[in-house]
1. Have a look at 104, 92 and point out the one that is touching a Leu at 6+ places or on another chain (Cβ under 9 Å) and not in a loop (DSSP other than H, G, I, E, B).
2. Is at least one residue of the stretch 45-57 under 20 Å from residue 145 (Cα atoms), among the charged types (D, E, K, R) and in contact with a Cys (Cβ under 9 Å, 6 or more places away or on another chain)?
3. Do you know which residues across the stretch 6-22 are part of a loop (DSSP other than H, G, I, E, B) and either touching a His at 6+ places or on another chain (Cβ under 9 Å) or closer than 11 Å to residue 143 by Cα (or both)?
4. State all residues of the stretch 132-155 that are under 19 Å from the mean Cα position of the chain (by Cα), of a type in the set (Ser, Thr, Tyr) and at pLDDT 90 or above; if no residue qualifies, say none.
5. Among 35, 90, which is the only one that is of a type in the set (Val, Ile, Thr) and either within 21 Å of residue 144 (Cβ to Cβ) or free of Cβ contacts under 8 Å to residues at least 24 places away in the same chain (or both)?
6. I'd like to know if the stretch 38-47 contains one or more residues that are at pLDDT 95 or above, exposed (fewer than 14 other Cβ atoms within 10 Å of the Cβ) and in contact with a Lys or Arg (Cβ under 9 Å, 6 or more places away or on another chain).
7. I'd like the full set of residues that are of a type in the set (Val, Ile, Thr) and at pLDDT below 80, limited to the stretch 86-126.
8. Restricting attention to the stretch 1-37, report how many residues are surrounded by fewer than 17 Cβ atoms within 10 Å (Cβ to Cβ) and among the hydroxyl-bearing types (Ser, Thr, Tyr).
Amino acid sequence: MPRFEVTIDIRAPAPTVFAGITDPKRSTEWNPNIVEISNLIGYPVSEGSTWDQVVVVNGLRIRLQCRIAEYKPPHYGLLRVSGGNQAEIVTQCERIDDTTRVTQIIDFVMPGGKLGQLASGLVKGQVQREVQRGLERQRDTLERESREGHGPSVI
């Protein structure tokens, strides 16, 4: 199972950052591969919230089911993904001086059995770069919203 970790610092309060990053309705802002969110149950999100999403990877549409397995705002969340791909995504937010350090740890299973395992090294690098770019989009948007005094509601 490929695993990687990405980290970024965001100049915004941890509750604002955590609420924005874990809001499935905003996921299309962060990740252009996510093209559809539907069947959202439990919003605002909490432990047990579920939804479906469609991602496009290399031109293929993949339907995924997502469930928040653990939710401890504003510091920790665990998302389990099933369906066309299997993954666990941990999101951690830690206040450091005037920033929030966001760390995401992603474990995923490559489809395709042994052939998928062979390709996992190539795919892992691509997925890691996409996640890093998503964190950069989150940083840019959440810092701008924080400066302007608006953004996701904090519960």
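The values are calculated or read from the model by the stated rules, or taken from the named source; none is laboratory data. None of the values given here were measured: they were computed from a predicted structure. Cβ atoms come from the backbone with ideal geometry, glycine included; neighbour counts cover every protein chain shown.
1. Residue meeting the stated conditions: 104.
2. Looking through the stretch 45-57, none of the residues is under 20 Å from residue 145 (Cα atoms), among the charged types (D, E, K, R) and in contact with a Cys (Cβ under 9 Å, 6 or more places away or on another chain).
3. 11, 12, 13
4. Selection gives 141 alone.
5. Of 35, 90, the one residue that is of a type in the set (Val, Ile, Thr) and either within 21 Å of residue 144 (Cβ to Cβ) or free of Cβ contacts under 8 Å to residues at least 24 places away in the same chain (or both) is 90.
6. Yes, some residue in the stretch 38-47 is at pLDDT 95 or above, exposed (fewer than 14 other Cβ atoms within 10 Å of the Cβ) and in contact with a Lys or Arg (Cβ under 9 Å, 6 or more places away or on another chain).
7. Listed by number, the list holds a single entry, 123.
8. 2
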